[in-house]
Amino acid sequence: MIRVSICDDDMNFCLTLKNILQKKLKNVDVIDIFLSPFKLIDEIHKYDVLFLDYDLPYMNGISVLKEIQNYSILKIMITNFSHICFDTYQYDLFWFVRKHHFNYDINALIPHLNEELYNNKTSKLYISSSNKRLSVNFSDIVYVETKSNYLYIHTNKMVYNIRITFRAILPQFKNKLFIIPIYGVIINLNFIEFIDFKKLFIQMRDGRKFPISRNQKRGVMETYGKYISFY
């Protein structure tokens, strides 16, 4: 299910937007309101979508985008100032909603947002534990490893950790471009430099090496062979 956050210091506007999203956005589980950007930043990892006002107290929307730029979340900027769109290109905004054209812009956004969220169900890894929730693009994941009951997700931007079993996440990697060289490690094929099947190790592009267990050798050979022949 989809989790949405709204960050705006105008509670009436937040409630209006929340009401619209509850009616028109599909598969929404939670819509939370943040009047302060600082609280939002602390909890941004929990959400799939962010509606962010530009004109916030103590910290404007651009500053918030800088703080959360490493998180995989659909970001929609809300503002009265159309000119600031030129300052936001580098932050990969999904959409721009102008408050002075709110009804037009929000109605234009909703179909595209529903479509994107539907597509993201298969393009993101979703993990929930008792005290944390993560959503990470599969394409950003370099490798995943488990250590002492924690799962560490290494992306090309940062490392996430969450308390969950390795077995619990395996179904989400089925039919994706990943291999398991040893139990407890999952590697993205797109970040592999080469594989030495005689010495049984994988050389990553960043210089890191992973061993291949004899039990996993055949499966790794088949998957990697299909990958290099296709790509």
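The values are calculated or read from the model by the stated rules, or taken from the named source; none is laboratory data. Predicted, not measured: the structure shown is a model, and the values here were computed from it. Here Cβ is always computed from backbone atoms with ideal geometry, including for glycine, and neighbour counts include all displayed protein chains.
At a glance:
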| item | result |
| --- | --- |
| Residue under evaluation Leu134, criteria (1) within 22 Å of Asn70 (Cβ to Cβ); (2) outside any strand (DSSP E or B), criterion not met | (2) |
| Subset of region 139-153 [over 19 Å from Ile44 (Cβ atoms) and either surrounded by fewer than 21 Cβ atoms within 10 Å (Cβ to Cβ) or β-branched (Val, Ile, Thr) (or both)] | Ser139, Val142, Val144, Glu145, Thr146, Lys147, Ser148, Asn149, Tyr150, Tyr152 |
| Selected residue (only one of Leu17, Leu40 is more than 30 Å from Asn161 (Cα to Cα), touching a residue at least 24 places away in the same chain (Cβ under 8 Å) and surrounded by 17 or more Cβ atoms within 10 Å (Cβ to Cβ)) | Leu17 |
| Options Met1, Met11; residue that is of a type in the set (A, V, I, L, M), modelled with pLDDT under 95 and surrounded by fewer than 17 Cβ atoms within 10 Å (Cβ to Cβ) | Met1 |
| Residue satisfying condition, being under 19 Å from Asp140 (Cβ atoms), surrounded by 13 or more Cβ atoms within 10 Å (Cβ to Cβ), aliphatic (A, V, I, L, M) and in the same structural domain as Lys147 (by TED's automatic domain parsing), within set Ile162, Ile212, Ile182 | Ile162 |
| Single residue of region 144-174 satisfying the filter (outside any loop (DSSP other than H, G, I, E, B) and touching a helix residue (DSSP H, G or I) at 6+ places or on another chain (Cβ under 6 Å)) that is nearest to Phe210 (Cα to Cα) | Thr146 |
| Residue list for region 139-158, filter: at pLDDT 90 or above and not charged (D, E, K, R) | Ile141, Val142, Tyr143, Val144, Thr146, Tyr150, Leu151, Tyr152, Ile153, His154, Thr155 |
| Matching residues in region 47-72 - criterion: being under 25 Å from Leu125 (Cβ atoms) and buried (at least 17 other Cβ atoms within 10 Å of the Cβ) | Tyr47, Asp48, Val49, Leu50, Phe51, Leu52, Val64, Leu65, Ile68, Tyr71, Ser72 |
| Any chance Asp55 is in contact (Cβ under 8 Å) with a residue 24 or more places away in the chain and within 24 Å of Asn137 (Cα to Cα) | no |
| Hey, Ile73 in the same structural domain as Cys7 (by TED's automatic domain parsing), out of contact with any His (no Cβ under 6 Å at 6 or more places or on another chain) and in contact (Cβ under 8 Å) with a residue 60 or more places away in the chain or not | yes |
| Failed item in (1) surrounded by 14 or more Cβ atoms within 10 Å (Cβ to Cβ); (2) closer than 14 Å to Asn156 by Cβ; (3) touching an Asp or Glu at 6+ places or on another chain (Cβ under 7 Å), with Arg205 passing the rest | (1) |
| Residue within region 98-107 that is in a strand (DSSP E or B), under 22 Å from Gln22 (Cα atoms), assigned by TED's automatic domain parsing to the domain that holds Asn70 and modelled with pLDDT of 90 or more present | yes |
| Residue in region 189-199 that is within 19 Å of Lys147 (Cβ to Cβ), out of contact with any Pro (no Cβ under 6 Å at 6 or more places or on another chain), in contact (Cβ under 8 Å) with a residue 12 or more places away in the chain and surrounded by 14 or more Cβ atoms within 10 Å (Cβ to Cβ) present | no |
